[in-house]
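To start, the structure under review is shown below, and the notes come after it.
Every read-out reported here was derived from the displayed coordinates using simple, explicitly stated rules and does not represent laboratory data. What you are looking at is a predicted structure, and each value in this text was computed from that prediction instead of being measured. Ideal geometry is used to build each Cβ from the backbone, glycine not excepted, and the neighbour counts take in all protein chains shown.
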Amino acid sequence: MLTAALLGNPNVGKTTLFNYLTGSNQYVGNWPGVTVEKKEGFIEDKIKIVDLPGIYALDTYSNEEKISKEFLEKGGVDVIVNIVDASSLNRNLYLTLQLKQFNKPIILVLNMIDVAKSKGIRIDYEKLASKLGVIVIPISASKGIGIEEVKKLLKGGNFFSPLNENHYHYTDDEKENYKFIEEVLAEALVKEKDEGITIGERIDSIVLNKFLAYPLFLFILYIIFKFTFTWVGQPLSDAMDEYVLGGIVSILETLLQNSSHWFASLIIDGIVGGVGAVIVFLPIVMTLFLGISFLEDSGYMARAAFIMDRIMRKIGLSGKAFIPFIIGFGCSVPGIMSARTLESEKDRKLTALLVPLMSCNARLPVYALFASIFFPGNESSITFSLYLLGVAIAILIGILFKNTIFKKDEEPFIIELPEYKMPEIKNLMMNTWEKGKGFLKKAGTIIFSMSVIIWFLSNFNFNGMTDMESSFLAYIGGIIAPVFKPMGYGTWQSSVALLTGLMAKEVVVSTMGVIYGVDLHNLLLQHFTPIAAYSYLVFILLYTPCISVIAVMRKEFGNKMMAFSVLYQLLLAWIASFIVYNVGSLIFG
């Protein structure tokens with residue numbers, strides 16, 4: 001089996017090409033640093049494609065470059081597939097020259113050829129191939145154009161071509177190198193028109209404006225939350241709750257009316273009540289991810305990282321750390337793992353400690369449930385405020401850590417701003433599904449099993465089946481309930497939901513679904529005031545992440561840092577929730 005290494009600068013369509021070549025469903029992002037570990041795929045079990053991290057060069061020794069260089073030297077590579085942006089060859093070809101050092105056949109894939117043509121750039125492919133000593137194939141990865149030619153070439157092994165001779169040797173002199181690139185492009189490239197100020201530059205003059213950038217960023221996020229909670233996601237969720245879940249419960253009640261009480265209770269109150277209470281929020285989760293995917297694929301998210309650099313500096317990080325934070329809004333696990341892309345140990349540790357303060361998608365069902373009950377008509381504003389609160393507290397904690405346990409120099413930040421583009425529907429749907437499928441997977445595994453366990457604990461004690469107030473669950477909740485009394489929710493039901501939420505934050509909703517049953521909405525109104533409800537959501541936002549996050553923290557940074565992250569977040573959540581409830585009670589009575 002032949003091994004092909006796929007390399008290129010960030011944002012040149014490398015992962016999209018990888019998906020087309022191998023059929024893989026790897027995540028497609030629009031900023032540097034998404035692909036940290038090498039990804040592998042296969043073409044008909046004949047060619048192994050290894051998708052290496054997006055890099056600009058092989059001489060600055062970042063983590064991504066170390067991974068790529070080591071694999072090229074020791075990974076048994078037969079051919080290098082170097083994908084470049086056809087509209088920015090003067091910048092992209094520097095890496096191509098460096099790759100020539102490895103004495104491997106190189107296939108130079110010119111992506112975004114349609115964008116180059118729209119800019120009036122005409123390329124002589126044969127001359128470019130001749131001057132560089134590589135095979136050149138023009139493609140448009142987002143449209144699937146030219147992919148078959150690349151696949152055919154790899155399968156046929158025709159990359160062992162006389163063109164793949166070392167016509168030029170890369171040197172340490174950065175100026176002899178760029179001079180050679182200029183000479184090549186002078187012969188192989190013609191620019192037929194001067195673009196002047198492009199549409200992208202006009203947009204950037206607004207979205208990157210020092211006065212408008214932050215208000216626009218907040219406005220865009222707010223629109224996404226309105227889209228999720230007011231216009232699309234919440235209405236679909238409500239309809240699913242009323243017509244789908246309600247219909248299933250009615251059918252099951254009819255079918256199980258002659259069965260034993262405990263079995264009917266297990267199915268309706270335990271499984272359907274627990275899993276169903278979470279599943280109905282699937283439309284909300286998917287619409288939020290659709291909005292985030294749109295921002296990523298359109299090119300705006302890289303701008304968001306750029307404008308956030310100034311704020312990130314306040315907490316001792318660069319704008320590059322904004323990328324794990326954004327990923328953390330989906331799930332803290334990949335957010336923490338993506339901190340590997342940061343160059344310094346200090347940045348990696350500080351980022352990993354702060355990422356869990358970003359509100360992950362698992363908390364969303366809890367927000368949606370409480371906001372719809374206690375703040376009807378203001379669901380998007382309440383949820384938006386929680387996301388902002390998480391970011392604000394992360395900044396404050398970051399400043400504290402920067403000036404105490406992480407006193408070291410800051411790292412420089414370089415980021416490429418990709419071209420603006422209208423996202424391809426196929427990629428948009430695939431990205432949304434990749435982000436959201438984990439929610440369904442949890443519902444079928446963790447939440448299902450936890451619902452059954454919670455049902456058992458809430459219906460049995462040492463004497464057998466009993467009422468809920470005398471159950472194991474009530475006893476466990478009663479022990480920890482006094483800890484939460486100063487925050488306005490010192491009942492055993494709310495306390496035990498927080499405890500089970502350590503398995504997965506969605507389990508908070510399924511626990512309440514099992515405990516309160518089909519009358520969940522009305523019973524919650526009896527146990528919480530609006531201020532106590534918001535205080536509860538603040539605790540959900542900030543307290544110790546799920547067990548998966550704790551495990552990855554231990555794997556990445558060891559036991560000491562894992563224990564520190566668990567304890568500091570518990571303390572932080574208690575303090576913040578206490579302040580919100582007591583100050584809120586003084587102000588609003």
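Work through the residues other than L236 whose Cβ is under 14 Å from its Cβ and net out their charges, Lys, Arg +1 and Asp, Glu -1. Provide the component values of the computation, followed by the final result.
Details: positive: none; negative: D238, D241, E242, E379.
With Lys, Arg at +1 and Asp, Glu at -1, the neighbours total -4.
Quick one: putting +1 on the C-beta of Lys and Arg, -1 on the C-beta of Asp and Glu, what dipole do you get for region 123-263 around its Cα centre, in Debye to the nearest 20?
With Lys and Arg at +1 and Asp and Glu at -1, about 260 debye.
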Requested in this report: Using just the alpha carbons, could you tell me how many Å³ per residue the convex hull of region 515-589 encloses?
Outcome: 94 Å³
**Report entry** Cα convex hull of region 164-253, projected area averaged across orientations, nm²
**Finding:** 15.3 nm²
Query raised in the report: Counting pairs of alpha carbon atoms under 8 Å apart in space and at least six apart in sequence, what relative contact order in percent does the chain give?
Result: 12 percent
Query raised in the report: For the chain, which semi-axes, largest first and in whole Å, follow from the square roots of 5 times the eigenvalues of its Cα gyration tensor?
Result: 50, 26, 22
Query raised in the report: How do the peptides 486-497, 147-158, 277-288 rank, highest first, by the average count of neighbouring beta carbon atoms within 10 Å per residue?
Result: 277-288, 486-497, 147-158
Query raised in the report: Which entries of K48/K426; K69/K152; K151/K175; K117/K151; K66/K349 show an alpha-carbon separation above 29 angstrom in the structure shown?
Result: K151/K175
Query - Shape box of region 70-149 [Cα atoms, principal axes, largest first, Å] - result: 40, 25, 20
Requested in this report: Take the alpha carbon atoms of region 374-446, find their center, do the same for region 168-232, and report the distance between the two centers in whole angstrom.
Outcome: 23 Å
**Report entry** the chain, dipole about Cα centre (Lys/Arg Cβ +1, Asp/Glu Cβ -1), debye to the nearest 20
**Finding:** 740 debye
Report summary line: Over all directions, region 430-533 yields a Cα convex hull whose mean projected area in nm² is 7.8 nm²
Requested in this report: Could you list the GluC sites (Glu not before Pro) in region 189-285 that lie in coil according to DSSP, counting only those with at most 10 other Cβ atoms within 10 Å of their Cβ?
Outcome: E192
Query raised in the report: How big is Rg to Rh over region 225-364, alpha-carbon atoms, Rh as the Kirkwood inverse-mean-distance radius?
Result: 1.17
Report task. On a 0 to 90° scale, report how tilted helix 507-516 is relative to the longest principal axis of the chain, with both axes built from alpha carbons and the result rounded to the nearest 10. Result -> 20 degrees
Report task. Take each of the peptides 100-106, 182-188, average the number of other beta-carbon atoms within 10 Å over its residues, and list them starting from the highest. Result -> 100-106, 182-188
Requested in this report: With a bin width of 5 angstrom, please list the P(r) values of region 253-294 as percents of all Cα-Cα pairs, from the 0 bin to the one holding the largest distance.
Outcome: 5, 21, 18, 13, 11, 9, 8, 7, 5, 2, 0
Report task. Putting +1 on Lys and Arg Cβ atoms and -1 on Asp and Glu Cβ atoms, find which of I113, G438, W574 reaches farthest to the positive end of the dipole of the chain. Result -> W574
Report task. Within 10 Å, count the other beta carbons around each residue, average over each peptide in 254-261, 503-510, 298-305, 87-94, and list them highest first. Result -> 503-510, 298-305, 87-94, 254-261
